[in-house]
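Only one structure is covered here, and it is reproduced in the block below.
The values are calculated or read from the model by the stated rules, or taken from the named source; none is laboratory data. Just so we're clear, the structure is a prediction, and the values are computed from it rather than from any experiment. Reconstructed Cβ throughout: ideal geometry from the backbone, glycine too, with neighbour counts over all protein chains shown.
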Amino acid sequence: MTRRLRMVRAQRMPIVTAMLVFVVLIVILQLWLLTATMNAYLGGDESIIWPGAFASASCLILNAGLLRYLYLIDRLRR
């Protein structure tokens, strides 16, 4: 039991680091999406607003899910 617990503790930091990398990539994607959507909207294309909003909301939900998983990992540690 102690060996298994030690192995889980040793694996926790790489998991958190990978989650941080995913969050940074999603935020960069969301910023690019905002820039592209605003560029299209200011160029007169109003049809891109709702798909951009849905994609941005999907990024938000994905980041919220990763945060919830991180809290779950922390809660299991105790």
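The figures follow:
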| item | result |
| --- | --- |
| Residue check for residue 61: farther than 28 Å from residue 19 by Cα and in a helix (DSSP H, G or I) | no |
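Quick grid of which residues meet (1) at pLDDT below 95; (2) surrounded by 11 or more Cβ atoms within 10 Å (Cβ to Cβ); (3) β-branched (Val, Ile, Thr):
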residue: 10; (1), (2), (3): yes, no, no
residue: 33; (1), (2), (3): no, yes, no
residue: 39; (1), (2), (3): no, yes, no
residue: 48; (1), (2), (3): yes, yes, yes
residue: 61; (1), (2), (3): no, no, yes
residue: 66; (1), (2), (3): yes, yes, no
residue: 75; (1), (2), (3): yes, no, no
